[in-house]
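Below is one structure, written out as structure tokens; the observations come after it.
Coordinate-derived values only; no laboratory data. Small disclaimer: the values here were computed from a predicted structure and weren't measured. Note: ideal-geometry Cβ built from the backbone for every residue, glycine included; neighbour counts use all protein chains shown.
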Amino acid sequence: MSTYVSKEISDGLNAARIASLKKASRLRVEMGQEYFKVLRLWKDGFAVEAETTPRLRGLVDLYDGANHLYQCLIIASEDEAGEMRYEFKRNTVAADKAPLDFYREPDAPIALLGKDG
């Protein structure tokens with residue numbers, strides 16, 4: 001029995017695998033004003049479709065739907081099986097408010113009310 005698979009069949013299997021990953025993933029990467037679907041995400045990087053996504057570089061933002069997850073500095077790693085893989089040089093969790101430079105008591109009042117009169 002031969003384990004040889006023709007190029008056409010291999011390309012078809014890769015295209016079907018990538019289409020399945022694109023359909024299942026809610027993740028996307030934003031560079032400038034453009035968004036691209038993220039196929040896979042792991043601790044040190046992520047992968048996008050190589051054929052439809054231009055080469056990314058520099059500072060990008062990762063989203064899960066509408067939720068901003070990370071702001072990342074990336075470098076291209078490798079192009080394999082229809083995926084372009086990128087590694088994080090820096091990966092910072094996105095926050096919806098500025099960090100405090102002091103300790104806030106958990107039961108502290110939100111605002112102070114003045115007395116009338």
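The residues listed here are Ile110, Ile74; of these, the one that is of a type in the set (Val, Ile, Thr) and surrounded by fewer than 15 Cβ atoms within 10 Å (Cβ to Cβ) is Ile110. Residues in segment 77-101 that are touching a residue at least 60 places away in the same chain (Cβ under 8 Å) and either among the polar types (S, T, N, Q) or surrounded by 15 or more Cβ atoms within 10 Å (Cβ to Cβ) (or both): Gly82, Glu83. Whether a residue is hydrophobic (A, V, I, L, M, F, W, C) and under 11 Å from the mean Cα position of the chain (by Cα) was assessed, and Phe102 does not pass this test.
Inspect all residues belonging to segment 57-74 and state whether any of them is acidic (Asp, Glu) and either out of contact with any strand residue (DSSP E or B) (no Cβ under 8 Å at 6 or more places or on another chain) or in a loop (DSSP other than H, G, I, E, B) (or both). There is no residue in segment 57-74 that is acidic (Asp, Glu) and either out of contact with any strand residue (DSSP E or B) (no Cβ under 8 Å at 6 or more places or on another chain) or in a loop (DSSP other than H, G, I, E, B) (or both).
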